[in-house]
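The values are calculated or read from the model by the stated rules, or taken from the named source; none is laboratory data. Owing to the predicted nature of the structure, the values given are computational and were not obtained by experimental measurement. With ideal geometry, Cβ positions are generated from the backbone for all residues, glycine too; neighbour counts draw on all protein chains shown. Surface areas here come from the heavy atoms of the whole protein model, side chains and all, with no ligands, DNA or RNA. Shrake-Rupley method; radii C 1.70, N 1.55, O 1.52, S 1.80 Å.
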Amino acid sequence: MTDREKILGRIREALAVPAPHPGHATTTSTRPAAEARRWLPLVGETFDEQIALFRANAADLRADFQLLASRDELAPRLRQLAQAEGWQRVASHGGELAQLGCDALNLPVLLADQSYDPLALEACDVGITGCDALIAQTGSVLVTSRSAGGRAASVLPPHHVVIARREQLLPDLPAAFDLVKRKYQPDYPSFISLITGPSRTGDIERILVLGAHGPKKLTVFCF
């Protein structure tokens with residue numbers, strides 16, 4: 001038997017076993033959150049401990065995290081960033097916090113949750129989105145196609161700006177997965193992603209390159 005015949009035989013064998021529809025399996029491999037936390041990095045219980053951990057992780061990941069005293073600080077911080085980088089066009093969506101950020105900038109806005117020209121999106125300098133949560137344990141931003149207005153605004157522009165509230169800070173990954181389940185089950189979004197720093201790769205000679213497969217910069221504003 002050739003390798004090709006072996007591969008096709010295994011495929012036929014697998015297809016002979018009916019697969020359950022998503023969400024209807026009779027068994028599950030998921031483990032309780034308490035069990036998962038036994039082997040995950042420890043996270044403090046207070047907000048100050050968790051925000052400090054998120055800040056430290058974000059710095060290690062080369063992401064810019066800015067904790068604001070109030071939402072009133074958002075507009076001047078965004079304008080300062082836009083002027084420093086010479087933003088001309090913004091990609092965003094209809095979410096409340098994303099719109100709050102766009103309103104602070106006197107710039108053309110492309111809404112990625114509506115019909116748009118892909119070439120126009122490629123010309124945007126920044127994508128401004130909301131998120132589902134910030135995860136202290138890993139310094140990650142949890143986004144879905146609903147919280148970020150689809151997939152493209154958080155991926156295609158060279159700079160991704162996330163706007164979040166303090167109450168969106170979660171301690172760890174089990175809490176994040178529980179949030180997704182409580183918020184979206186049974187109608188899950190088509191896109192769920194953990195953004196852990198700017199896009200990066202080290203494939204070539206183990207040299208770290210930012211922006212290889214997505215945004216080169218990640219900025220998180222939290223108030």
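Among the residues that make up segment 95-108, is at least one of them assigned to a loop (DSSP other than H, G, I, E, B) and within 17 Å of the chain's Cα centre (by Cα)?
Narrowing segment 95-108 to residues assigned to a loop (DSSP other than H, G, I, E, B): 95, 104-108.
Of the ones still in play, those that are also within 17 Å of the chain's Cα centre (by Cα) are 95.
Looking for residues that are assigned to a loop (DSSP other than H, G, I, E, B) and within 17 Å of the chain's Cα centre (by Cα), one finds at least one in segment 95-108, hence yes.
If ALA212 satisfies all but one of (1) of a type in the set (A, V, I, L, M, F, W, C); (2) open to solvent by less than 80 Å² (accessible area, probe 1.4 Å); (3) more than 27 Å from SER70 (Cα to Cα); (4) assigned to a helix (DSSP H, G or I), what's the number of the condition it fails? For ALA212, the exception is condition (4).
Would you check if there is a residue in segment 79-87 being farther than 16 Å from THR196 by Cβ, of a type in the set (S, T, N, Q) and out of contact with any helix residue (DSSP H, G or I) (no Cβ under 9 Å at 6 or more places or on another chain)? Break it down stepwise before answering.
Of the residues in segment 79-87, the ones farther than 16 Å from THR196 by Cβ are 79-87.
Those left that are additionally of a type in the set (S, T, N, Q): 80, 83.
Checking the rest, the ones that are also out of contact with any helix residue (DSSP H, G or I) (no Cβ under 9 Å at 6 or more places or on another chain) come to 80, 83.
Yes, the conditions are met somewhere in segment 79-87.
Yes or no, residue by residue, for (1) farther than 12 Å from VAL220 by Cα; (2) open to solvent by less than 20 Å² (accessible area, probe 1.4 Å); (3) of a type in the set (Val, Ile, Thr):
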{"site": "SER115", "(1), (2), (3)": "yes, no, no"}
{"site": "ALA123", "(1), (2), (3)": "yes, no, no"}
{"site": "ASP132", "(1), (2), (3)": "yes, yes, no"}
{"site": "ARG166", "(1), (2), (3)": "no, no, no"}
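Return yes when LEU142 is without any contact (Cβ under 8 Å) to a residue 12 or more places away in the chain and either in a helix (DSSP H, G or I) or open to solvent by less than 20 Å² (accessible area, probe 1.4 Å) (or both) and no when it is not. So LEU142 does not fit the description; no.
Selection of segment 50-88 for residues being over 16 Å from PHE223 (Cβ atoms), in contact (Cβ under 8 Å) with a residue 12 or more places away in the chain and open to solvent by 80 Å² or more (accessible area, probe 1.4 Å) yields ASP60, ARG62, GLN88. Restricting the first residue to segment 10-35 and requiring it to be closer than 16 Å to TYR188 by Cβ and in a loop (DSSP other than H, G, I, E, B), which pairs with a second residue that is among the hydrophobic types (A, V, I, L, M, F, W, C) and at pLDDT below 75 meet a Cβ separation below 6 Å and a spacing of at least six or different chains? Here the result reads none, with nothing in segment 10-35 linked to a residue that is among the hydrophobic types (A, V, I, L, M, F, W, C) and at pLDDT below 75. If you go through segment 174-201 and keep only what is touching a strand residue (DSSP E or B) at 6+ places or on another chain (Cβ under 7 Å) and either outside any loop (DSSP other than H, G, I, E, B) or surrounded by fewer than 18 Cβ atoms within 10 Å (Cβ to Cβ) (or both), you end up with ALA176, LEU179, VAL180, PHE191, ILE192, SER193, LEU194, ILE195, THR196, ARG200, THR201.
Do we have any residue at all in segment 206-216 that's under 14 Å from the mean Cα position of the chain (by Cα) and hydrophobic (A, V, I, L, M, F, W, C)? No, there is no match, as no residue in segment 206-216 is under 14 Å from the mean Cα position of the chain (by Cα) and hydrophobic (A, V, I, L, M, F, W, C). Scoring ASN57 on the criteria (1) touching a Ser or Thr at 6+ places or on another chain (Cβ under 7 Å); (2) part of a loop (DSSP other than H, G, I, E, B) leaves a single failure, condition (2).
When the criteria are applied in full, ALA148 fails the requirement of being open to solvent by less than 20 Å² (accessible area, probe 1.4 Å), in a helix (DSSP H, G or I) and within 24 Å of ARG200 (Cα to Cα). Just to be sure I understand, how many residues within segment 104-118 are in contact (Cβ under 8 Å) with a residue 24 or more places away in the chain and among the charged types (D, E, K, R)? The qualifying residues number 1. Whether a residue is part of a helix (DSSP H, G or I) and modelled with pLDDT under 95 was assessed, and GLU49 does not pass this test. If I filter segment 129-137 for residues that are over 26 Å from THR196 (Cβ atoms), assigned to a loop (DSSP other than H, G, I, E, B), touching a residue at least 24 places away in the same chain (Cβ under 8 Å) and aliphatic (A, V, I, L, M), do I get at least one hit? Looking through segment 129-137, none of the residues is over 26 Å from THR196 (Cβ atoms), assigned to a loop (DSSP other than H, G, I, E, B), touching a residue at least 24 places away in the same chain (Cβ under 8 Å) and aliphatic (A, V, I, L, M).
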